[in-house]
Amino acid sequence: MKFKSLVLAACLCSASGYIAAKLPPPPPVDPAVAAAKAEKDKATAEKNKADQARYEDKSVANFQKNMKNAGKPVPKPTPIAVAASAPAVPPKK
């Protein structure tokens, strides 16, 4: 049983390699289409970033409102320090 499984696995691996080798090359990309797609992706990323910030602000406001309604003190936000870029490490000799 184990031998049959190994033979079957070997056949499938070799067949998949043969099939992948016969795929035609991708068509050439038109620069105008690529530029339009890049602009669209950039606009989508900016919209997603703005939506993320809006929903984060909305959830913080909801949390603070719920804390006030429960009579608990609202914790002050902790500032997050942005890590400075690490100094360049000289190459080892």
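Where a number appears in this text, it was derived from the coordinates with a stated rule and is not lab data. Predicted, not measured: the structure shown is a model, and the values here were computed from it. Positions of Cβ are generated from backbone atoms using ideal geometry, with glycine treated the same way; all protein chains shown enter the neighbour counts.
Name the one entry in 61, 43, 34 that is among the aliphatic types (A, V, I, L, M) and under 19 Å from the mean Cα position of the chain (by Cα).
43
Going by the structure shown, is residue 22 surrounded by 10 or more Cβ atoms within 10 Å (Cβ to Cβ), among the basic types (Lys, Arg) and on the phi < 0 side of the Ramachandran plot?
Here the answer is no, as residue 22 does not meet what is asked.
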